[in-house]
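Here the structure is laid out as structure tokens; the discussion comes afterwards.
The values are calculated or read from the model by the stated rules, or taken from the named source; none is laboratory data. The shown structure was predicted, so the numbers you read here are calculated from the model rather than taken from an experiment. Glycine also receives a Cβ, built like all others from the backbone with ideal geometry; neighbour counts cover every protein chain displayed.
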Amino acid sequence: MVKDKDGSFLCPAGFPVPAGTTEWVLEKGDKGDTGEKGDDGTLSVRQRRSVTFLFVLPVLIAVVSLFGLIHYAHELSNEQKALVQVQIQSHRTGQLVERKLCATLNQLASLRPPPGNPATNPSRAYDQQLHFTLSQLHSDVGC
């Protein structure tokens, strides 16, 4: 048992107990008066709508966000596909330009300058130097 400041004993609930009590005997007391009847636990229409709205709102936000992400991913995929198509077209254009350039360089390299002494005819020296330069360009480009 616990003692209070006055030295009297207290029960576990904190009430004074007469001296000499060694065991606790709980007896059923008299029945109390009936209290007022409480609410039946139902919510008003406005409260039900508010609770429903508070549950539905996060679900709607999640669904809209999910559709937004799906749309964004789809648009990003379309942009990547378009970029790949541009790269493929650019590669094809580069190959076409390379073929045309090589064909032109092949024709220029196959032309031979007229024979002659470059010391006596300076235009022959120019033609021979031009032919040599075009042959170098032909091999540098890889044709």
Which residues, taken from segment 114-143, are touching a helix residue (DSSP H, G or I) at 6+ places or on another chain (Cβ under 6 Å) and farther than 30 Å from GLN95 by Cα?
GLY116, PRO118
Would you confirm whether or not segment 26-34 contains a residue that is of a type outside the set (Ser, Thr, Tyr), in a loop (DSSP other than H, G, I, E, B), over 19 Å from the mean Cα position of the chain (by Cα) and over 30 Å from PHE9 (Cα atoms)?
yes
In segment 93-133, how many residues are of a type in the set (Phe, Trp, Tyr) and at pLDDT below 85?
0
Could you check segment 44-100 and list, in sequence order, the residues that are closer than 30 Å to LEU137 by Cβ and of a type in the set (D, E, K, R)?
ARG92, GLU98, ARG99, LYS100
Of LEU60, LEU101, LEU105, LEU76, which residue is of a type in the set (A, V, I, L, M), surrounded by 10 or more Cβ atoms within 10 Å (Cβ to Cβ) and in contact with a helix residue (DSSP H, G or I) (Cβ under 6 Å, 6 or more places away or on another chain)?
LEU105
